[in-house]
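The values are calculated or read from the model by the stated rules, or taken from the named source; none is laboratory data. Predicted model, so just to flag it, every value in this text is computed and none were measured. Cβ: placed from backbone, ideal geometry, glycine included. Neighbour counts: every protein chain shown.
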Amino acid sequence: MACLVLAAVTAQPDCPVLDVRCSCEITFYDNSINCRGLGNVDDIPRFNSSNLKFEALEISQHTAIRTVQALAFSGLRVRKVLLPGLTILFISIDAFVGLDTSYLEEIHIDDNAISTIPAGECCVVIKIQVLKMKYVFKIHLMYFVFSILLTEQQ
């Protein structure tokens, strides 16, 4: 039994964060990526690819992000993307391309200043179970995005 515990501790996978203001919390029960205190930045911080599954990627506390750029989460396996209250203005149509959509269940973009989410193939939106957009200002989504979400809920 002691050998198993020692092996689990020493074989811990690398954290995919590249920005020093981000960190991984890797535990026996779940893993998460947290970015805090980024200040005013143009884009989401960059990440390395990882085969490790993460319960959540959360960006919070004293952070304002202008854009969620194309391929922002590429190479990650995350169940929840939590981006509330970051004053985000724009989300690229390709923001979630490269993210493992078979594992993604929730995207939280509430309390932001997004005026438009571009319509596209919506390959990520089709798969998620929760899209939280409370207090997103003047949101304009194409009709088929809602019809896809409603179809997936049935």
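Details
- Residue count for the range 36-72, restricted to those that are assigned to a loop (DSSP other than H, G, I, E, B), more than 22 Å from Asp100 (Cβ to Cβ) and touching a Leu at 6+ places or on another chain (Cβ under 8 Å): 2
- Between Lys80, Lys127, the distinction of being modelled with pLDDT under 90 and not aromatic (Phe, Trp, Tyr) belongs to Lys127 only.
- Ser74 falls short on exactly one of the conditions (1) among the small types (Gly, Ala, Ser); (2) more than 16 Å from Ile114 (Cα to Cα); (3) at pLDDT below 95, and that condition is (3).
- Ile139 being under 17 Å from Thr67 (Cα atoms) and modelled with pLDDT under 50: yes
- Residues in the range 31-45 that are over 13 Å from Val17 (Cα atoms) and either of a type in the set (Lys, Arg) or loosely packed, with under 13 Cβ neighbours inside 10 Å (or both): Gly37, Gly39, Asn40, Asp42.
- Matching residues, the range 73-89, being in a loop (DSSP other than H, G, I, E, B), without any contact (Cβ under 8 Å) to a residue 60 or more places away in the chain and either buried (at least 20 other Cβ atoms within 10 Å of the Cβ) or over 11 Å from the mean Cα position of the chain (by Cα) (or both): Phe73, Gly75, Leu83, Gly85, Leu86, Thr87, Ile88, Leu89
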